[in-house]
């Protein structure tokens with residue numbers, strides 16, 4: 001249902017149904033796959049390649065596509081877009097989002113067994129002992145690798161968990177991170 005809605009929005013926004021043609025061959029799946037690239041609602045990128053899932057060398061690349069920009073705009077920037085400028089305002093948001101981030105490559109990698117994730121910004125995070133012991137508090141699940149956590153620093157747990165679960169689904173299930 002969401003893909004159909006997004007395809008309809010893409011057609012309305014651009015006059016093209018290119019959204020329905022999301023890259024599928026590169027990932028060998030029939031559904032568009034995404035992972036979060038920031039901690040805001042709808043801030044995802046579409047996977048363009050993935051290798052080594054559930055291994056010590058899991059990796060994926062993604063690019064923000066029009067579908068991702070529409071999701072970001074409708075879920076975060078303009079959740080009330082109909083009341084706040086309608087289609088014209090939404091078009092502006094999608095255009096600005098694509099201008100800022102469209103096409104940029106986002107790479108993630110993980111050592112699934114060690115519970116270590118490298119994010120698109122190059123930060124490295126490790127699953128904590130609390131997460132491995134079954135903690136249900138997501139704020140306790142991630143710690144920086146090779147540096148101390150700064151005072152009042154919150155780990156980007158939603159983003160990290162999304163990326164780790166994408167690359168390491170078996171480990172994510174094992175630690176109930178999904």
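Every number here is computed from the coordinates shown, using simple stated rules; none is lab data. Keep in mind the model is a prediction, meaning the values are calculated, not measured. All Cβ positions, even for glycine, are placed from backbone atoms using ideal geometry, and neighbour counts span all protein chains on display.
Quick notes
- Gyration tensor (alpha-carbon) shape descriptor, region 95-138, a/c threshold 1.5: prolate
- Scoring 162-168, 102-108, 89-95, 133-139 by mean Cβ neighbours within 10 Å over their residues and listing the highest first yields 162-168, 89-95, 102-108, 133-139.
- For residue 149 and residue 124, the difference between the fully extended length at 0.36 nm per residue and the C-alpha to C-alpha distance is 7.8 nm.
- Exposure proxy ranking for 87, 177, based on other Cβ atoms within 10 angstrom of each Cβ and starting from the fewest, stands as 87, 177.
- On the beta carbon distance between residue 92 and residue 49, with R0 = 41 Å, the FRET formula returns roughly 0.85.
- Neighbour-count order for 176, 132, fewest beta carbons within 10 angstrom listed first: 176, 132
- For the pair residue 105 and residue 140, label points projected 7 Å from Cα toward Cβ lie 3.9 nm apart.
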